[in-house]
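Participant: Here you go, one structure.
Just so it is clear, none of the values below were taken in a lab; they were calculated from the coordinates. In this text, all values refer to a predicted model and were calculated from it rather than measured experimentally. Here the Cβ positions follow ideal geometry from the backbone for every residue, glycine too, while neighbour counts run over all protein chains shown.
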Amino acid sequence: QVQLVESGGGLVQAGGSLRLSCAASGRTFSSYNMGWFRQAPGKEREFVVGISWNGENTDYADSVKGRFTISRDNAKNLGYLQMNSLKPEDTAVYYCAAGLRSWGKSPYDYIYWGQGTQVTVSS
């Protein structure tokens, strides 16, 4: 089992920045690929970005490329999502997830999920 807890969400004005954290406990976090997903009200959960277990590979959704950066610190069992140049359409609940198969877009590649953290971007 891997337990994931997100933090760092909040309210920010358009153009601002936030950094989300994902704290992992349980089984060895460094063995797992990690992803960030988000879900806005009335919409399906969508992929944001994924990172491989060793941090060497990443995959970004087109909508966040150049604005968001994923990273991880396996020594501290932490993952991060740095979000810059935020837009109102980035408003959503953000979830981190961990899995063994891939760091890609499919939520089915991820086994463990956090409870989510709300990000609200005002215009």
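Participant: If you average the sequence gap of Cα pairs under 8 Å that are 6 or more apart and divide by the length of the chain, what percent do you get for the contact order?
Facilitator: Contact order relative to length: 36 percent.
Participant: Any idea what the dipole of the stretch 69-110 comes to, in debye rounded to 20, about its Cα centre with Lys/Arg Cβ at +1 and Asp/Glu Cβ at -1?
Facilitator: 120
Participant: What FRET efficiency comes out for ARG27 versus LYS87 if R0 is 25 angstrom and r is the Cβ-Cβ distance? Round to the nearest 0.05.
Facilitator: With a Förster radius of 25 Å, E is 0.10.
Participant: For the stretch 111-122, what does the Karplus curve 6.51 cos²θ - 1.76 cosθ + 1.60, with θ = phi - 60°, yield as ³J(HN,Hα) per residue in whole Hz, taken in order and with x for Gly and Pro?
Facilitator: So the Karplus estimates, Gly and Pro as x, are 9, 10, 9, x, 8, x, 9, 7, 10, 10, 10, 8 Hz.
Participant: Let me ask something additional. Can you tell me how much longer the chain between LEU78 and ARG19 gets when fully stretched, taken as 0.36 nm per residue apart minus their C-alpha distance, in nm with one decimal?
Facilitator: So the extension gain works out to 20.0 nm.
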